[in-house]
1. Gain in length, residue 220 to residue 109, computed as 0.36 nm per residue apart minus the alpha-carbon separation, to one decimal in nm?
2. Output wanted: per-residue J couplings in Hz (rounded whole) for region 125-134, from phi through Karplus 6.51 cos²θ - 1.76 cosθ + 1.60, θ = phi - 60°, x for Gly and Pro.
3. Sorted by accessible area (1.4 Å probe), largest first, how do 205, 323 line up?
4. Read phi for every residue in region 299-313 and hand back ³J(HN,Hα) as whole Hz from Karplus 6.51 cos²θ - 1.76 cosθ + 1.60, θ = phi - 60°, with x for Gly and Pro.
5. For 106, 273, 129, write out the residues from largest to smallest accessible area, computed with a 1.4 angstrom probe and no ligands counted.
6. Just to confirm a number: summing +1 for Lys and Arg and -1 for Asp and Glu over residues other than residue 352 whose beta-carbon lies under 10 angstrom from that of residue 352, what do you get?
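The values are calculated or read from the model by the stated rules, or taken from the named source; none is laboratory data. None of the values given here were measured: they were computed from a predicted structure. All Cβ positions, glycine included, derive from the backbone under ideal geometry; neighbour counts span all protein chains shown. Accessible surface areas use protein heavy atoms only, side chains included; no ligands, DNA or RNA. Shrake-Rupley method; radii C 1.70, N 1.55, O 1.52, S 1.80 Å.
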Amino acid sequence: MNQQRPPQPPQQQQRSQPQSRPAPAPAASADVSKAAPPPLASTQPTAPAPGGPVAIEPVAGADNDASLNFEWRAVELGGNRSFGCTVSSTAGNPISVKIEQLSYQKTLREDGAITIAVIPTGAAGTPGKLTARDETTGASAEFTWQWQPLGKTSGAGALASKLLKKAAPSPAKATKQSTQGARAVAKKQTGVASTAFFGQQASGRRFAFILDMSGSMAGTRWATCTRELVTSLQALSTQAQFFVVLFSSSTAEPPGQSGWMDVTADNVASVIKWVSNIHPDGGTYPAPAFKRVFSLGGKPDAVYFLTDGELYDFDASDCARLRAGESTSFLDSLAKFFSFSGRDEENTGTVINTISLDDRASGHALEAMAEESGGQYVHISSSTASGETP
């Protein structure tokens, strides 16, 4: 990856032909109602190093309504232990889920079921809360947690089990509710798709791929990236839409792509053909590509962001502002003010999964981007194309 800043500022433009490369330089199954999260692995308490791995054990509220079901699953995030969750209504009603963790605020609304990929990690002592609400009946339930050093037991899991056992319905009723919930989810989730990119699973309806085509991506790295893109696009169902934008010192998009593209055999084949003819060159300026994605009508459910080195003029705070619907420039902010159309949850609900390819120069920034959005960060080696923990 070029470590010396190219002399020209980035120019946002579409292109289908490569540009000349600047001078090289060095260098997260429907369960019965109120099922508790699986307990964390028990370990001997030790004195963790400052900034060491942390973990949570979500604890159920005492007055949780039995009509809301929770399926919890443990998720490893760079040595930290978090959880993901699927919340569903036994009646298949529209529901909302809100996650609160200090300044992190995320609200999602969907019919029947909502999947939270992962609760983003926080520093030891950071409290958090997940609140679910049936938008039809008003029934609600909540889980709370506090980030603790990994291995420090607090009895929270036992308390959660006790509370849930007291509130749980009879086995026969629970089985009936579980079956009804599964049927409702299957009915209501029509139109929801899923895919994976370098092992990072995501679900929703709109998927964006922001991929590095700078000069250092040439050769094996580009082949690795495009091969995975092909696999990911071909895994999408026809209910989904996708958007591909490449970045270097400028941006490039497939011919004919003016907005979200429907997943059809012709569209996927056209993008694959176009990508295979790209010759990476230029610097590493992802900001225009991110601005392009977040300016589309209808925000992405998931973004995959891949780079192989140090980023220019773009960091985790810039990414967070764009994701939250804010802007990195006065003119963009002014334009947004006059065109605002509401539904903040469409912005804050976007999950950003980040990938560093061979070079970890931007690893900390990529990890921060993923953590802030509830996504995941993974480092990939082009020689093996297998994921490694950060």
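1. Details: separation 111, 0.36 × 111 = 39.96 nm, distance 4.12 nm.
My answer for the length gained is 35.8 nm.
2. After applying 6.51 cos²θ - 1.76 cosθ + 1.60, I find x, 6, x, x, 8, 10, 10, 10, 9, 7 Hz.
3. Numbers: 205 80, 323 10 Å².
Final ranking, largest accessible area leading: 205, 323.
4. 7, x, 7, 8, 10, 10, 10, 10, 8, 10, x, 6, 8, 9, 6
5. Details: 106 5, 273 140, 129 65 Å².
Sorted descending by solvent-accessible area, the residues read 273, 129, 106.
6. On the way: positive: 323; negative: 371, 372.
Taking every other residue near residue 352 into account, the sum is -1.
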